[in-house]
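See below for the structure under consideration.
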Amino acid sequence: CPPRYPQAMAGLLGRLAAPLRTAARPLLAGGARGFRTTGVASLKLQPEANVEGKRIKYFQIYRWDPEGSSKPYVATYPIDMAECGPMVLDALLKIKNEQDPSLTFRRSCREGICGSCAMNIDGVNTLACLARIDPKTPKCQVYPLPHMYVVKDLVPDMTNFYAQYKTIEPWLQVEDETSTANKAIEEDGTVKENLQNKKDREVLDGMYECILCACCSTSCPSYWWNSEAYLGPAVLMQAYRWIADSRDESKAKRIEFLDDSMKLYRCHTIMNCTKTCPKGLNPGLAIARIKQVVLTHNLS
């Protein structure tokens, strides 16, 4: 009868699951086998395994060498945090300098400006130079940016990303070179600069700071499945940066280029891009404003 149905089902499920639990014990005791690991990966990922007086943290890092014969694997490296800087990039440099010189990754400024060290750290796309090492967990997982071809180890292939960026023509365009409106003119008549008032300049805040690290684009499911046609959050935000620039004179051409079902409208406002941006920008808002501008242009 209905009141006893949950108890009866619970008992049945318990009896069915018992053999599975028994069979799984040897597998669980042997550890995870999803990836082939190197020798150092056999170290226990247990805080109590730390040597007295040391704070050991284990970094599980994706490895793949296109010139080798092995498949991608995860290697584990122990680091004494008392002898390491606070950022994940510090740990990667320490591993490369002291444990494994073959580890490959991009890095440059170490200040969150160049965007070179973009990677997936503990499941989040971010910059290794800005990502603090969590002292509360015994391990840290580091992978290349997701859903991109890998050149080697933590280095993704950015060819398609930069090719898409090029298509939006990310430079100031002036249709009439002879016009002197809103321009600073030298004594000899040459244009010194294109003038812009403070109010128009403020419109660009939150867009010009983008460093093209691709963290936002590679966190977007729409970009994962349509990266050949959909421009992605980073490129679209830069496209709007030029549409919104009061000095640019090619707005109509830029809007018509973006008015496409794949280039623009693959965005479904999932907002992963805004959540993951290491610079605190809002690509989702910029894309929404492009859609609004495109609609206004088509109705005019």
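Within the group 244, 234, which residue is touching a residue at least 12 places away in the same chain (Cβ under 8 Å), crowded, with 19+ Cβ neighbours inside 10 Å and among the aliphatic types (A, V, I, L, M)? Walk me through it before giving the result.
Details: 244 fails: crowded, with 19+ Cβ neighbours inside 10 Å.
Answer to the check: 234.
Show me the strands (runs of 3 or more DSSP E) entirely contained within region 77-151 in which 2 or more residues are among the small types (Gly, Ala, Ser). Walk me through how you get there before you give the answer.
Working: elements: 118-121, 124-127, 139-143.
Output list is empty.
So which residues in region 167-196 are in a loop (DSSP other than H, G, I, E, B), in contact (Cβ under 8 Å) with a residue 12 or more places away in the chain and of a type in the set (S, T, N, Q), if there are any at all?
Within region 167-196, 173, 182, 196 meet the criteria.
Just checking, how many residues over region 150-197 are at pLDDT below 90 and either basic (Lys, Arg) or within 30 Å of residue 223 (Cβ to Cβ) (or both)?
2
Which residues, taken from region 249-286, are under 24 Å from residue 196 (Cα atoms) and among the hydrophobic types (A, V, I, L, M, F, W, C)?
We begin by selecting, within region 249-286, every residue under 24 Å from residue 196 (Cα atoms); these are 249-255, 281-283, 285-286.
Within region 249-286, 252, 255, 281, 285, 286 qualify.
Residues in region 280-297: is at least one in contact with a Leu (Cβ under 6 Å, 6 or more places away or on another chain), surrounded by fewer than 21 Cβ atoms within 10 Å (Cβ to Cβ) and part of a loop (DSSP other than H, G, I, E, B)?
no
Which residues, counting only those in region 233-260, are in a helix (DSSP H, G or I) and either touching an Asp or Glu at 6+ places or on another chain (Cβ under 7 Å) or among the small types (Gly, Ala, Ser) (or both)? Working first, answer last.
The initial filter retains those residues of region 233-260 that are in a helix (DSSP H, G or I), namely 233-243, 251-258.
Once the filter is applied, which keeps residues that are in a helix (DSSP H, G or I) and either touching an Asp or Glu at 6+ places or on another chain (Cβ under 7 Å) or among the small types (Gly, Ala, Ser) (or both), region 233-260 yields 234, 239, 242, 252.
Per-residue answers, yes or no, for (1) open to solvent by 30 Å² or more (accessible area, probe 1.4 Å); (2) within 23 Å of residue 116 (Cβ to Cβ); (3) among the aromatic types (Phe, Trp, Tyr):
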| residue | (1), (2), (3) |
| --- | --- |
| 134 | yes, yes, no |
| 137 | yes, no, no |
| 141 | yes, yes, no |
| 156 | no, yes, no |
| 174 | yes, no, no |
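Kindly indicate which of 256, 209, 249 is surrounded by fewer than 19 Cβ atoms within 10 Å (Cβ to Cβ) and modelled with pLDDT under 95. Break it down into steps so the answer makes sense when it comes.
On the way: 256 fails: modelled with pLDDT under 95; 209 fails: modelled with pLDDT under 95.
Result of the check over 256, 209, 249: 249.
Quick one: count up the residues across region 91-107 that are open to solvent by less than 20 Å² (accessible area, probe 1.4 Å) and free of Cβ contacts under 8 Å to residues at least 40 places away in the same chain. Walk me through it before giving the result.
Of the residues in region 91-107, the ones open to solvent by less than 20 Å² (accessible area, probe 1.4 Å) are 91-92, 95, 103.
With the extra rule that they be free of Cβ contacts under 8 Å to residues at least 40 places away in the same chain, the set shrinks to 95.
So the count comes out to 1.
Residue by residue, here is whether (1) small (Gly, Ala, Ser); (2) open to solvent by less than 30 Å² (accessible area, probe 1.4 Å); (3) modelled with pLDDT of 50 or more; (4) under 19 Å from residue 141 (Cα atoms) holds:
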{"position": "4", "(1), (2), (3), (4)": "no, no, no, no"}
{"position": "21", "(1), (2), (3), (4)": "no, no, no, no"}
{"position": "32", "(1), (2), (3), (4)": "yes, no, no, yes"}
{"position": "49", "(1), (2), (3), (4)": "yes, no, no, yes"}
{"position": "69", "(1), (2), (3), (4)": "yes, no, yes, no"}
{"position": "73", "(1), (2), (3), (4)": "no, no, yes, yes"}
{"position": "78", "(1), (2), (3), (4)": "no, no, yes, yes"}
{"position": "109", "(1), (2), (3), (4)": "no, no, yes, no"}
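Of all residues in region 259-279, how many are polar (S, T, N, Q), on the phi < 0 side of the Ramachandran plot and open to solvent by 30 Å² or more (accessible area, probe 1.4 Å)?
From region 259-279, those polar (S, T, N, Q) are 261, 269, 272, 274, 276; that's our starting set.
Keeping just the survivors that are on the phi < 0 side of the Ramachandran plot gives 261, 272, 274, 276.
Pick out the ones that are also open to solvent by 30 Å² or more (accessible area, probe 1.4 Å) and you get 261, 272, 274.
The number of residues fulfilling the criteria is 3.
Output yes when any residue across region 222-232 is among the aliphatic types (A, V, I, L, M), farther than 24 Å from residue 173 by Cα, touching an Asp or Glu at 6+ places or on another chain (Cβ under 9 Å) and part of a loop (DSSP other than H, G, I, E, B), and no when none is. Give the steps one after another, and end with the answer.
Just the residues of region 222-232 that are among the aliphatic types (A, V, I, L, M), to begin with: 229, 231.
From what is left, the residues that are farther than 24 Å from residue 173 by Cα are 229.
Now drop any that are not touching an Asp or Glu at 6+ places or on another chain (Cβ under 9 Å), which leaves 229.
Next cut, part of a loop (DSSP other than H, G, I, E, B) only: 229.
So far as region 222-232 goes, yes, one or more of its residues are among the aliphatic types (A, V, I, L, M), farther than 24 Å from residue 173 by Cα, touching an Asp or Glu at 6+ places or on another chain (Cβ under 9 Å) and part of a loop (DSSP other than H, G, I, E, B).
Pull out all pairs, ordered by first then second residue, where Cβ-Cβ is under 9 Å, the residues are six or more apart or on different chains, the first lies in region 112-139 and is farther than 13 Å from residue 215 by Cβ and without any contact (Cβ under 8 Å) to a residue 60 or more places away in the chain, and the second is open to solvent by 10 Å² or more (accessible area, probe 1.4 Å) and β-branched (Val, Ile, Thr).
122/137
Give the residues of region 240-262 that are in contact with a Phe, Trp or Tyr (Cβ under 8 Å, 6 or more places away or on another chain) and closer than 23 Å to residue 276 by Cβ, sorted by residue number.
Those that are in contact with a Phe, Trp or Tyr (Cβ under 8 Å, 6 or more places away or on another chain) and closer than 23 Å to residue 276 by Cβ: 241, 262.
The values are calculated or read from the model by the stated rules, or taken from the named source; none is laboratory data. Just so it is clear, the model here is predicted, and its values are computed rather than measured. We place every Cβ from the backbone using ideal geometry, glycine too, and count neighbours over all the protein chains shown. Ligands, DNA and RNA are excluded from the accessible area calculation, which covers all protein heavy atoms including side chains. Shrake-Rupley method; radii C 1.70, N 1.55, O 1.52, S 1.80 Å.
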